[in-house]
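Please read the structure below before turning to the comments.
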Amino acid sequence: MAQKTEALLPIMTGQAVIPVIVLEDAADAVPLARALAAGGLPAIEITLRTAAALDGIARVAAEVPEAIVGAGTILNAAQFAEAAAAGAKFIVSPGLTPELVEAADASPVPLLPGAVTSSEIMAALEDGYSLLKFFPAEQAGGAAYLKSLSSPFGGVGFCPTGGISAANAGDYLSLSNVICVGGSWVAPKDAVRDGSWERISELARGASLLNG
Ligand code: 3PG
C-alpha cells in the first residue's frame, strides 16, 4: 500500500504554514478555524493532546466549510479511527508504526507520519511514505540537518514542526525538500483564551505571505 499523496499533497502545497493547535476548550475551535481561514490558512492541525480535541475537530468539520481540519499527535490506530470518525481530513503523527500503517491503509484519510533519522526515513519509504513530518525540527537539528537529508533522500518532502516561528520559518521554506512548515505561533494560547480572533487572523495573514 502507499501514502495517499493525491489527497495529502494539495493540502501541504496549499499553504506554507499549517497551524498546529492545542485546544483547551472545544468552543474555541470554530471561531479559531474561521479566524485562521480568514487570514489565509484554511488547513489546520488540531492535536489530540487535550480532551477537547476530538470535539473541536468535529465542530470545525461540521461548521466551518472553508477550513480543512486535520488531527495531529496521532500515536495509534484507535486515535486514527477516532479522529477520522470526528471528520479529520488528514492525520499527522510524530512517527510511524506498523499499526499506524495498517490503520492508514484501511482509511481514505491520508496520513502524514513523522521521521527524523535515516533509518526512520528508509522505513517510511519501504511503507510507501515519502511525504513526512520532521519533528521536533529545531531540537532535532534544524534547517541545517534537514538540508543534509536532501542529498540521500531527494524524493522525500518534509513538513518540519517544533520550534518554528515567523523568525525562522523562512530558513526551512527555502529548502528544496521542505513543502510546508507547521507551528503553533499563529494561534498563541493567550490569544485563543482571550478570543482575540482578529489578532490570530493577522498572524495567519503574515504566515500566509511566506513562500512555500
Ligand atoms: C507539533 O506537534 O507539530 C509541535 O508541537 C508544534 O511545535 P511548536 O508548538 O513549537 O510550533
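Some points to look at:
- Matching residues in the stretch 175-196 - criterion: being open to solvent by 40 Å² or more (accessible area, probe 1.4 Å) and touching a residue at least 12 places away in the same chain (Cβ under 8 Å): SER176, SER184, TRP185, LYS189, ARG193
- Here the condition is being part of a helix (DSSP H, G or I), closer than 26 Å to PHE153 by Cβ and either open to solvent by 60 Å² or more (accessible area, probe 1.4 Å) or free of Cβ contacts under 8 Å to residues at least 24 places away in the same chain (or both); of GLU102, GLU82, it holds for GLU102 alone.
- Here PRO113 fulfils each of the conditions (1) open to solvent by 10 Å² or more (accessible area, probe 1.4 Å); (2) under 21 Å from LEU132 (Cα atoms) apart from (1).
- Just one of the listed residues (GLY56, GLY87, GLY39, GLY14) is in contact with a Lys or Arg (Cβ under 8 Å, 6 or more places away or on another chain) and modelled with pLDDT of 95 or more, namely GLY39.
- Number of positions in the stretch 16-56 that are closer than 19 Å to PRO110 by Cα and either more than 15 Å from the ligand (Cβ to nearest atom) or touching a His at 6+ places or on another chain (Cβ under 8 Å) (or both): 2
- Scan of the stretch 126-151 for residues that are touching a residue at least 12 places away in the same chain (Cβ under 8 Å), more than 16 Å from the chain's Cα centre (by Cα) and closer than 24 Å to PRO98 by Cα, ordered by number: ASP127, GLY128, ALA140, LEU149
- Residue pairs meeting the criteria (Cβ under 6 Å; at least 6 apart or on separate chains; first within 25 Å of GLY40 (Cα to Cα), in the stretch 63-78; second of a type in the set (Gly, Ala, Ser) and within 16 Å of the ligand (Cβ to nearest atom)): ILE68/ALA43; GLY70/ALA88; ALA71/ALA83; ALA71/ALA88
The values are calculated or read from the model by the stated rules, or taken from the named source; none is laboratory data. Keep in mind it's a predicted model, so treat the numbers as computed, not measured. For neighbour counting, all protein chains shown are included, and Cβ atoms are generated from backbone atoms with ideal geometry for every residue, glycine included. The protein model used for the area step is the full one, side chains on, heavy atoms only, and it has no ligands, DNA or RNA in it. Shrake-Rupley method; radii C 1.70, N 1.55, O 1.52, S 1.80 Å.
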